[in-house]
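Every number in this text was worked out from the coordinates using simple rules, so none of it is lab data. What you see is a predicted model, and the numbers here were worked out from it, not measured in a lab. For neighbour counting, all protein chains shown are included, and Cβ atoms are generated from backbone atoms with ideal geometry for every residue, glycine included.
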Amino acid sequence: MTKSNSRESQYAIDPLFLDRWSPRAFTGEVIDESVLLTILDAAHWAPSSANQQPWRFVYALNGSEDWSKFVDLLVESNQEWAKNASALIYVVSRSFNGDFSEGRKSYTHSFDAGTAWGYLALQARLSGFYAHGMGGIKHEEIHKAFSIPESYRVEAGVAVGRLADKSVLSERNQEREVPSQRKSLSEVAFRGKFIAN
């Protein structure tokens, strides 16, 4: 059993997994691009099916000329707080192996891109930052804004930043600004059978 960050695991895992969480309160301070690239470098070392490495990362740093464009591509409820992040990243995955015209769809591209996101989140924490993944993004608008080909899927957005006091958030988000708990392991891991719950 491991205890950290107001969380408790059933088994002795590294505290890093409990310390990683998805805050919304960010300071908005500048992140050096080399630090962000270190975080993305860790992400790109994730395992992938047949070593296809389907993930792609499109990013902007707070204060850059692209910042407003990136913020505008989030749904409004995420714009409210993510505008104070140090960086915004859109995670995209290549949904076809090889040539798109050959029609060989990759079954695991989203799974692999999700693994890369997990590596990103852990390296952000190791680097003194937090990463908050978001499904609340304007998927089709992102496709158009970056001329992303049809053979790629826009997966998610990620806000990266340093933790601020929750008082910078709206009252609604202040109430949500706590590390979330998890279901018990027995609700998600089944020996020799599957249980739909």
Checking 181, 123, 52 against a Gaussian network model of the chain (alpha-carbon springs below 10 Å), the top fluctuating residue turns out to be 181
Which net charge results for the neighbourhood of residue 125, defined as the other residues with beta-carbon distances under 14 angstrom from its beta-carbon, given Lys and Arg at +1 and Asp and Glu at -1?
-> +1
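Loop only per DSSP, at most 13 neighbouring Cβ atoms within 10 Å: give me the chymotrypsin sites (Phe, Trp or Tyr not before Pro) in region 6-42, ordered by residue number. List each step's numbers first, then the result.
Working: sites: 11, 17, 21, 26; in loops: 11, 21.
Passing sites in region 6-42 are 11.
Find out how many positive minus negative residues lie around residue 109, taking Lys and Arg as positive, Asp and Glu as negative, among other residues whose Cβ is under 14 Å from that of residue 109.
Counting the neighbours of residue 109, the net charge comes to +2.
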Please find, in a Gaussian network model of the chain (springs between Cα atoms separated by less than 10 Å), the residue of 126, 163, 74 whose mean-square fluctuation is greatest.
-> 126
State to the nearest 20 debye the size of the charge dipole of region 22-164 about its Cα centre, where the only charges are +1 on K and R beta carbons and -1 on D and E beta carbons.
-> 320 debye
Based on alpha-carbon positions alone, could you give the equivalent ellipsoid semi-axes of region 1-115 from the gyration tensor, as √(5λ), descending, whole Å?
-> 27, 24, 13
For a footprinting-style exposure proxy, rank 95, 6 by other Cβ within 10 Å, fewest first.
-> 6, 95
Just the Cα atoms of the chain, one point each, no solvent: what log10 I(q)/I(0) does Debye give at q = 0.09, 0.19 Å⁻¹?
-> -0.38, -1.39
Ranking 140, 177 by Cβ neighbours within 10 Å, fewest first, what do you get?
-> 140, 177
Set Lys and Arg Cβ to +1 and Asp and Glu Cβ to -1, take the dipole of region 22-164 about its Cα centre, and tell me which of 88, 148, 109 lies farthest positive.
-> 109
